[in-house]
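The structure appears right after this line, and notes come after that.
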Amino acid sequence: MNKFYFSALVALSLTMALPAQAQPDQWSLGVAAAYSPAVYKETPSNQTVIPVIGYEGEHLFLRGFSAGYRVLPMSSPQNFVFKLMYDPRTLKPGDSDNAQIQMLDKRSSTILGGVSYQLRTPVGLLETSAATDIGDTHNGLYAEVALRFPLRFSNWGVTPGIGYSYNSDKLNNHLYGVSSEEAARSGLPEFEAKWDGQYFIGASAYWNIIDTVRVNGNVRYTNLEGDIEKSPIIESGISTTVSFGIAYLF
């Protein structure tokens, strides 16, 4: 089972601290819950509740399962950000009720490391990112471009966003491919994934109930494109992930 679908991880990472609303040297401690549908055939949907700790400094930040360092201060009109993120996308064949899926190899989690370029424009925050597997699990590459539109009010805000992410063939094969050995064991057709990606659209929101308590929410719709949708092991190429969190700020 894919315990924390990647979109859920992103949502949880953003839930506890959003840079556009955070104060320098602000810590947060809270709990977050997320839901994402099944990725692989006949595996359960994913419901997750975890404690989350966050920190927002002028340069260094920690957001749940991700951490980063800004080259320039937080409020700079443009910035380069070095990041580390835990990528927990996994497949445990025994979690599936599908006999063919049960014959596949396990897909393990890993650590991604990369860099982002951020540019504050008159219409929103433009961010381009690239990352690679530094856990030596699949050695794949990941790239993303996103445009977000922060809307801030007195004690609440919402940030709609849209973007596209692109995976290398190594990453896609790790997640969606079926090797010749797996095909021989399972009876599934062999599937070799190429470089392909996914579109996404979503929104995050926060509400400061009081100065020290913040409620957050996030929803993200993802649509796989290209040959990835043809993988014989995935349940659907379309998914919607939702998360909710509450945090104490100090």
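A few notes on this one:
- Largest GNM mean-square fluctuation across Thr212, Thr159, Thr222, computed for the chain with C-alpha springs under 10 Å, falls on Thr212.
- For Glu127, Glu225, the sequence from fewest to most other C-beta atoms within 10 Å is Glu225, Glu127.
- Exposure proxy ranking for Arg89, Arg152, Arg63, based on other Cβ atoms within 10 angstrom of each Cβ and starting from the fewest, stands as Arg152, Arg89, Arg63.
- Result for the chain in a Gaussian network model with C-alpha springs under 10 Å: among Ala34, Ala99, Ala205, the largest mean-square fluctuation is at Ala99.
- Couplings for the range 165-173, taken from phi via the Karplus curve 6.51 cos²θ - 1.76 cosθ + 1.60 with θ = phi - 60°, read 10, 9, 10, 6, 4, 5, 5, 5, 5 Hz in order; Gly and Pro are left as x.
- Expected 222 nm ellipticity per residue - DSSP helices of 4 or more, -39500 (n - 2.57), all of the chain, to 500: -2500 deg cm²/dmol
- Restricting attention to the range 6-249, lysine pairs at least eight places apart or on different chains and with alpha-carbon atoms under 17 angstrom apart total 8.
- Over the chain, the ratio between the Cα radius of gyration and 2.2 N^0.38 Å evaluates to 1.03.
- About its Cα centre, the dipole of the range 129-250 is roughly 700 debye, where the only charges are +1 on Lys and Arg Cβ and -1 on Asp and Glu Cβ.
- Taking a sphere under 10 Å around the Cβ of Tyr40 and counting the other residues whose Cβ falls inside, with K and R at +1 and D and E at -1, yields a net charge of 0.
- Whole-number percent relative contact order across the chain, with pairs defined as alpha carbons under 8 Å at least 6 apart: 19 percent
Any read-out appearing in this document is the output of simple, stated calculations on the displayed coordinates, not a laboratory observation. Note that the structure is a prediction, hence the values are computed from the model and not measured. Don't worry about glycine lacking a Cβ; one is built from the backbone with ideal geometry, like all the others, and counts go over all protein chains shown.
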